[in-house]
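Working notes, structure below.
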C-alpha cells in the first residue's frame, strides 16, 4: 500500500463551478477541478503524491490519515448553556431524549445541507495550500 492510499480522496460535482472538484481534506486545502470525473481523480491522486513528497522534503510529520478510519459513533459537543437549554426543552416537546432529538436535528440538517454545498465552500478556495 502506498502512503497516499491512507488519505481519503473525494471527487464531487460542483453546481457552483459547473465542474468536478477533487479534494483531500486534512492533507491539502483547495482542490483539483475539471470536466471529466475520472481525469480529476487521476490528477487528484498525483497532487496528493506531490503533497506527501513536500511533507517528506520539509521533514514535517504527515497529517493524520483519513482513509479507513473506524468511528465509535460517539463525540462530545460543547454547545453553551443557552443552546443546551433550548435543545432540552425542544426534545421534551417532541417527546424525545436529548440525544435522539440532536441526532434527528443533525440528520435533517445533513439532508438540507447536502453534499454539493460543502463542495461549493471548498471549491471557492481554488489555490492549493497545506492544512495545518
(request) Between the alpha-carbon centers of region 47-62 and region 70-113, tell me the distance in whole angstrom. (result) 38 Å
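By average Cβ neighbour count within 10 Å, what is the ranking of 83-93, 18-28 from highest down?
With the highest mean Cβ count within 10 Å placed first, the list reads 18-28, 83-93.
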(message) I want to check the label-to-label distance for residue 19 and residue 75. Put each point 7 Å from Cα in the C-beta direction and report it in nm to one decimal.
(response) 3.0 nm
(message) Which order do the peptides 94-100, 34-40, 8-14 come out in when sorted by mean C-beta neighbours inside 10 angstrom, highest first?
(response) 8-14, 34-40, 94-100
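FYI, it's all coordinate maths here, none of it is from the lab. In this text the structure is predicted, and so the values were computed from the model without any measurement. Counting neighbours? That spans all protein chains shown, and the Cβs are built from the backbone with ideal geometry, glycine included.
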